[in-house]
1. Being open to solvent by 80 Å² or more (accessible area, probe 1.4 Å) and of a type in the set (D, E, K, R) is the filter here; which residues of segment B:50-59 pass it?
2. Which members of segment B:176-191 meet the condition of being surrounded by 15 or more Cβ atoms within 10 Å (Cβ to Cβ), within 12 Å of chain A (Cβ to nearest Cβ) and either part of a helix (DSSP H, G or I) or acidic (Asp, Glu) (or both)?
3. Is it the case that segment B:118-132 has a residue that's open to solvent by 10 Å² or more (accessible area, probe 1.4 Å) and more than 19 Å from B:THR184 (Cβ to Cβ)?
4. Of all residues in segment B:96-114, how many are crowded, with 21+ Cβ neighbours inside 10 Å, out of contact with any Leu (no Cβ under 9 Å at 6 or more places or on another chain) and in a helix (DSSP H, G or I)?
5. Filter segment B:192-201 down to the residues that are more than 21 Å from the chain's Cα centre (by Cα) and more than 10 Å from chain A (Cβ to nearest Cβ) and list them by number.
6. Taking only segment B:164-174 into account, find how many residues are within 13 Å of chain A (Cβ to nearest Cβ) and open to solvent by 60 Å² or more (accessible area, probe 1.4 Å).
7. Looking at segment B:1-49, which of the residues that are of a type in the set (Phe, Trp, Tyr) and not in a strand (DSSP E or B) is least open to solvent (accessible area, probe 1.4 Å)?
8. Filter segment A:133-163 down to residues that are surrounded by fewer than 18 Cβ atoms within 10 Å (Cβ to Cβ) and of a type in the set (Asp, Glu) and give me whichever is nearest to A:THR6 (Cα to Cα).
2 protein chains.
Amino acid sequence: MNKVITISREFGSGGREFARRLADSLNIAYYDREIISELAKRTNLTEEYIHKLGEHSPAPLFPITVGHTMSPVTSGLWEQQNALFIEQANLLKELAQKSDCIIVGRCADYCLKEFKPLKIRIYAELDSRIARCKARAPHGESLSDREYKQRINEIDKNRAKYYQFYTGNKWSDPLNYDLCINTTDKDIKQLAAYFAEIFSK
Amino acid sequence: MNKVITISREFGSGGREFARRLADSLNIAYYDREIISELAKRTNLTEEYIHKLGEHSPAPLFPITVGHTMSPVTSGLWEQQNALFIEQANLLKELAQKSDCIIVGRCADYCLKEFKPLKIRIYAELDSRIARCKARAPHGESLSDREYKQRINEIDKNRAKYYQFYTGNKWSDPLNYDLCINTTDKDIKQLAAYFAEIFSK
């Protein structure tokens, strides 16, 4: 069976950089936004639209009446989101079957259960995450700490809802992962190099 | 500065074995119950009594009236527990100053902040912890799964209260640790060997 590593990451924790560096060191495939590109090819949806659907769970899109009447849910958008999740899960399995790989986000730890992935969670203190967001801000972006905090909380809230909706589990619960790594004040490059040594065995 | 590793562990997670094996592999000092023996030497208390005090936070021992009257707390036991905690914290600092070491429990991550320890948390799913307790049960002990569950929950509840009382932090919060390791269905010997390789660098 191929070696599959899944990375769940808090926004601003450096999880994506950790994953990329780990994949480089281990010389194995790395999938993150590549998954969106492939899904766009397989569907008639744009990458931007797929990205947007993937950051939100279908739940908040229910018409309010559904909750009251308990009627079967029929919403074009809801069905589209679920169909996309299934398509994505199939794609993840294809990738895991193809070669050793690292996959970021996308409930991969849950979808790839049968591959017994090494499930990693990357997290950090809020101040450290704000500092990372600032350091990586695109040219011209100038947000206050409060605005970064709002953005971080908003994105993570949506990721948690998405994860909870499709897996039934709490996104931040350490029991969903094999290893949780705190990147507060850590050098991601060095951290990835350390772990690459373990995982290469 | 010496290399200091602190291990916080859920009951039944194999944290103590992990710590001991790690210390053996790294060839550094290991302190767990040794701390109680040393405290007994320094005080007039028995090891058994110190162990008991160390597993409970002073809070539940307050006379009920204290909460209502907000009067200053004066309880012999309460003072004894706090004095013991301070004595223990001083001892931990002495040990950390003496040589590289691994310390299990005792809010060491908090007490040894100035030594910038590598703070590890060892945890596992409840079923796995029950199985570990069974496998290590003393000869003649025969508890049901339910009884083991009760014992695990009780011990961890007390550890969490103790930690919260002295540090003001939530015992299970990953942000208090650098690395959280899930030992569910894992071989502790192998796991310790893996991590010894990283930590020896």
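The values are calculated or read from the model by the stated rules, or taken from the named source; none is laboratory data. All figures in this text were calculated on a predicted structure; none of them were measured in a lab. Cβ atoms come from the backbone with ideal geometry, glycine included; neighbour counts cover every protein chain shown. Calculation scope for accessible area: heavy atoms of the full protein, side chains included, ligands and nucleic acids excluded. Shrake-Rupley method; radii C 1.70, N 1.55, O 1.52, S 1.80 Å.
1. B:LYS52 - this is the single residue of segment B:50-59 that is open to solvent by 80 Å² or more (accessible area, probe 1.4 Å) and of a type in the set (D, E, K, R).
2. B:ASN176, B:ASP178, B:LEU191
3. yes
4. The number of residues fulfilling the criteria is 1.
5. Selection gives B:SER200 alone.
6. 1
7. Ranking the qualifying residues of segment B:1-49, first place goes to B:PHE18.
8. My answer is A:GLU154.
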